[in-house]
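Quick notes on the structure that follows.
The values are calculated or read from the model by the stated rules, or taken from the named source; none is laboratory data. Because the structure is predicted, anything quoted here is derived from the model rather than measured. We place every Cβ from the backbone using ideal geometry, glycine too, and count neighbours over all the protein chains shown. To get the accessible areas, we keep the full protein, side chains included, count just its heavy atoms, and leave off ligands, DNA and RNA. Shrake-Rupley method; radii C 1.70, N 1.55, O 1.52, S 1.80 Å.
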Amino acid sequence: MEAVDRLLRDELGLEPSSLGARGTDEIVAGRMRALQLTDPFQYAAVLKSRPEEWQRLVAALMVNETWFFRYPDSFAHLGALAASVVTAAQGTVVRVLSAPCSTGEEAVSAAIALLRAGLEPAQFHIDGIDVSRPALDRARAGCYPRRAFRDTSPTDLAPWIRETASGFEVAEEVRGRITYAEANLLDPDAAVPPPGCHYHAILCRNLQIYLTDAARRTLMDTLEEHLLDGGVLYVGHAELGRVTRQGFSALSP
């Protein structure tokens, strides 16, 4: 599977071993069987020539482990940060980046946190980006099953989350403040987020643990480039040490 592993490192910055030695191999083998292929080099060629197969593999490999208000303390902090920004400078639009945004629970949680903090919808905007097209399709649909609410109850998120016959739907007031786009933060040619676009807060959690060392350095450079002075980068607990070693300062509790 080395030919495919090399492609994953080069295109996604993904370290296949981070998913478990058998995990990546089994997923790739499953896709090869679906295409009736036995040669990994031939499958690597298919991935380069058929974008739809690349998307299927990416979707199968991505760890979409997310739910509403995961790391609740960080959303409380984000709300307070946003409130202080709009108080200090009237007319400021608070910009937040969720990357990777997966199926959208994090971006929606951020929007609700800002509304709870007293911001009007016009006072903020959230960009959500991800490499997985199926995940983005689910995010744009804005409808979630009950299992997406592990740290909170959907009834506690009313009126921004409403129960429907098909699940729990995000209100248009929230969805209208979020833009989802397919993009890879590690791609130097990516135009999302656009050059010169800066954020008051970036949520980039539990991505570094899956990347190669080189990709991790590229990621941190990109995040720093798009973070405003005084802005806050929210990461996963396991990533804090890596981030501080790359020049970021941890916030005091």
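First select every other residue whose beta carbon is under 14 angstrom from the beta carbon of Arg162; then total the charges, Lys and Arg +1, Asp and Glu -1. In short, -3.
Across the accessible surface of the stretch 106-155, with the other protein chains kept in place and a 1.4 Å probe, carbon and sulfur atoms take up 49 percent. Using a Förster radius of 25 Å, what is the FRET efficiency between Asp213 and His237 based on their Cβ-Cβ separation? Nearest 0.05, please. After rounding to 0.05, the efficiency reads 0.80. Taking amide H positions as modeled 1.01 Å from N, with prolines and chain starts lacking one, the residues under 5 Å from Tyr234 and 5 or more places away or on another chain are Ile202, Leu203, Cys204.
Could you rank the peptides 96-103, 53-60 by their average count of other C-beta atoms within 10 Å per residue, with the highest value first? Don't skip to the answer; put the middle values down first.
Numbers: 96-103: 26.8, 53-60: 17.5.
Final packing ranking: 96-103, 53-60.
Remark: the chain carries a charge dipole of roughly 380 debye about the Cα centre, counting +1 on each Lys and Arg Cβ and -1 on each Asp and Glu Cβ. For the peptides 26-33, 158-165, residues were scored by their other Cβ atoms within 10 Å and the scores averaged per peptide; the highest-first order is 26-33, 158-165.
Give me the net charge of Glu105's neighbourhood, meaning all other residues with Cβ under 11 Å from the Cβ of Glu105; Lys, Arg count +1, Asp, Glu -1.
Numbers: positive: Arg70, Arg138, Arg147, Arg150; negative: Glu65, Glu106, Asp151.
Computed value for this residue: +1.
For the chain, the longest principal axis of the Cα atoms and the long axis of helix 2-12 meet at an angle of about 20 degrees.
Taking 37 °C and 0.692 mPa s as conditions, the stretch 42-84 diffuses translationally at an estimated 242 µm²/s according to Stokes-Einstein applied to its Kirkwood radius (Cα pairs). If you roll a 1.4 angstrom probe over the protein chains with everything in place, what fraction of the accessible area of the stretch 165-253 belongs to carbon and sulfur, to the nearest %? Within the stretch 165-253, the accessible surface is 50 percent carbon and sulfur. A cut-off of 5 Å between modelled amide H atoms, ignoring neighbours fewer than 5 places along the same chain, links Phe124 with Val94. Helix 105-116 and the longest principal axis of the Cα set of the chain meet at an angle near 0°. Net charge in the neighbourhood of Ala139 (other residues with Cβ under 14 Å of its Cβ; Lys, Arg +1, Asp, Glu -1) is -2. With semi-axes defined as the square roots of five times the eigenvalues of the C-alpha gyration tensor, the equivalent ellipsoid of the stretch 89-129 measures 20, 11, 6 Å, largest first. Measuring max minus min along each principal axis, the C-alpha atoms of the stretch 5-121 give extents of 60, 25, 20 Å (largest first). D by Stokes-Einstein for the stretch 113-234, Kirkwood Rh over Cα pairs, 37 °C, 0.692 mPa s: 201 µm²/s.
Among 2-14, 119-131, the peptide with the highest mean count of other Cβ atoms within 10 Å heads the list, and the full ranking is 119-131, 2-14. In the chain, the longest principal axis of the Cα atoms and the axis of helix 72-88 are about 50 degrees apart. Annotation: per residue accessible area for the chain equals 49 Å², rounded to a whole number [probe 1.4 Å, protein chains only]. Considering every alpha-carbon pair of the stretch 55-168, the percent of pairs per 10 Å bin, from zero through the bin containing the longest distance, is 14, 43, 33, 10, 1.
Computed over the chain, the Cα gyration tensor eigenvalues convert (square root of 5λ each) into semi-axes of 33, 22, 16 Å, ordered from largest to smallest.
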